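For reference, the structure is listed below as structure tokens.
The values are calculated or read from the model by the stated rules, or taken from the named source; none is laboratory data. Keep in mind the model is a prediction, meaning the values are calculated, not measured. Because the Cβ atoms are built from the backbone with ideal geometry, glycine has one as well, and the counts that use them run over all protein chains shown.
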Amino acid sequence: DQARKDRQTVLFDLSREELKFHRPALVRELPRAIAAGELFMQYQPKIHLRRQDIASAEALVRWQHPSRGLIMPGDFIAAAEEAGSIAALSLWGIKQVIADQRRLAATGHDIPIFINISGVLLADADFVVEACRLLKGSKAKIGFEITETAVIRDPAVALRHLQQFADIGIPVAIDDYGAGLSSLAYLKQLPASELKIDKMFITQLTSSNRDPLIVRSTIDLAHAMEMEVTAEGVESPAALALLSVMGCDLVQGYLISRPLNFDAFLTFVEKEGH
Ligand code: C2E
Ligand code: CA
Ligand code: CA
Ligand code: CA
């Protein structure tokens, strides 16, 4: 028993070491990686169920590292937030998505693209000014996905900054709804037009007893607040059918399409129509 405890301690310390050394080392490379063009965006369509068209797309960042290979955002976003490099990463992302959205529009498919914006940036006045400047000067249709927890940290400042985005016509989607600390008080105040139900309630939708109840009541709540509802993590035809019956507005997930490189996304758009 003691031996097992020792082994667990060693494993625990190793993972702590990983966090202490490897992640920060990786994140210190971010400025170089951005300059070297190692980051790129993939795009995942969101389908409007009743209209049967592509309503928008979500941009998801990836890092093609020269020696470590492909690195997913789960492995560097949180560390970038802690290291203070998330603003630079997000400004790069906004510029990239503006360029790609303009390319998309030029092909006749003027589909809005939503970017994930870390909560810490809603407290960063310099970031907000610069993001507004970039977006105001472009004609690109760009939206933001933010989590509610972003607002709970410093509600007054976050809500003021979100209002600045709303004032220049940037739609806001509330991301990962139901996964964190949800507060109806903040939800009511957010200038958001879309609510995204976290995929933890969607991937098991048709094999769970409770998830359908939660999803249905969330759809009704969002509609009562005049928001559109997106279900993310739609992986099965059965989930899609149930969401359709429940009146869900938008669906996103592997069933429809994985996140795609820009050219593959364009091919998808041209095949599916808009
Ligand atoms: P998220 O915003 O909740 O994005 C949804 C995640 O679910 C993505 O993972 C997506 O690839 C994945 N996904 C899509 N469809 C399905 C499905 O049917 N089933 C399952 N199981 N998963 C699905 P990804 O790309 O690894 O991104 C992870 C997280 O990293 C995102 O979660 C978002 O919070 C963050 N992230 C991604 N790109 C950016 C970015 O440019 N900036 C910031 N700040 N965060 C980003
Ligand atoms: Ca998102
Ligand atoms: Ca999400
Ligand atoms: Ca998430």
>> Any residue at all in the range 85-100 that's farther than 15 Å from Tyr43 by Cα, touching a strand residue (DSSP E or B) at 6+ places or on another chain (Cβ under 7 Å) and within 11 Å of ligand 1 (Cβ to nearest atom)?
In response: yes
>> Considering only residues that are within 13 Å of ligand 1 (Cβ to nearest atom), out of contact with any Lys or Arg (no Cβ under 9 Å at 6 or more places or on another chain) and β-branched (Val, Ile, Thr), which ones fall in the range 109-162?
In response: Ile115, Ile117, Ile142, Ile146, Thr147, Thr149
> Could you list, in sequence order, the residues of the range 64-96 that are outside any helix (DSSP H, G or I), within 16 Å of ligand 4 (Cβ to nearest atom) and more than 14 Å from the chain's Cα centre (by Cα)?
Replying inline: Phe76
>> Out of everything in the range 175-196 that is within 14 Å of ligand 4 (Cβ to nearest atom) and touching a residue at least 40 places away in the same chain (Cβ under 8 Å), what residue ends up being surrounded by the most Cβ atoms within 10 Å (Cβ to Cβ)?
In response: Lys196
> Name the pairs whose Cβ atoms lie under 8 Å apart, with the first residue in the range 224-242 and under 23 Å from Leu184 (Cβ atoms), the second of a type in the set (Gly, Ala, Ser) and part of a strand (DSSP E or B), and 6 or more positions between them or separate chains?
Replying inline: Thr230/Ala173
> Does the range 21-76 hold any residues that are within 10 Å of ligand 1 (Cβ to nearest atom) and not hydrophobic (A, V, I, L, M, F, W, C), and which are they?
Replying inline: Gln42, Gln44, Glu58, Arg62, Pro73, Gly74, Asp75
> Within the range 118-136, how many residues are touching a His at 6+ places or on another chain (Cβ under 7 Å) and free of Cβ contacts under 8 Å to residues at least 40 places away in the same chain?
Replying inline: 1
> Would you call Leu243 within 25 Å of Phe127 (Cα to Cα), at pLDDT 95 or above and among the hydrophobic types (A, V, I, L, M, F, W, C)?
Replying inline: no
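Residue-by-condition table, conditions (1) of a type outside the set (Lys, Arg); (2) within 16 Å of ligand 3 (Cβ to nearest atom); (3) under 20 Å from the mean Cα position of the chain (by Cα):
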residue	(1), (2), (3)
Arg160	no, no, no
Phe165	yes, no, yes
Leu184	yes, no, no
Gln189	yes, no, no
Leu195	yes, yes, yes
Leu213	yes, no, no
Met225	yes, no, no
Thr267	yes, no, no
> Is there a residue in the range 66-79 that is under 15 Å from Gly143 (Cβ atoms) and aromatic (Phe, Trp, Tyr)?
Replying inline: no
>> Among the numbered criteria (1) within 15 Å of ligand 2 (Cβ to nearest atom); (2) at positive phi, which one does Gly169 miss?
In response: (1)
>> Of all residues being in contact (Cβ under 8 Å) with a residue 60 or more places away in the chain and under 16 Å from Val269 (Cα atoms) in the range 48-63, which is farthest from ligand 2 (Cβ to nearest atom)? Just the residue, please.
In response: Asp53
> Only one of Val151, Val120 is assigned to a helix (DSSP H, G or I), within 16 Å of ligand 3 (Cβ to nearest atom), at negative phi and not small (Gly, Ala, Ser); which?
Replying inline: Val151
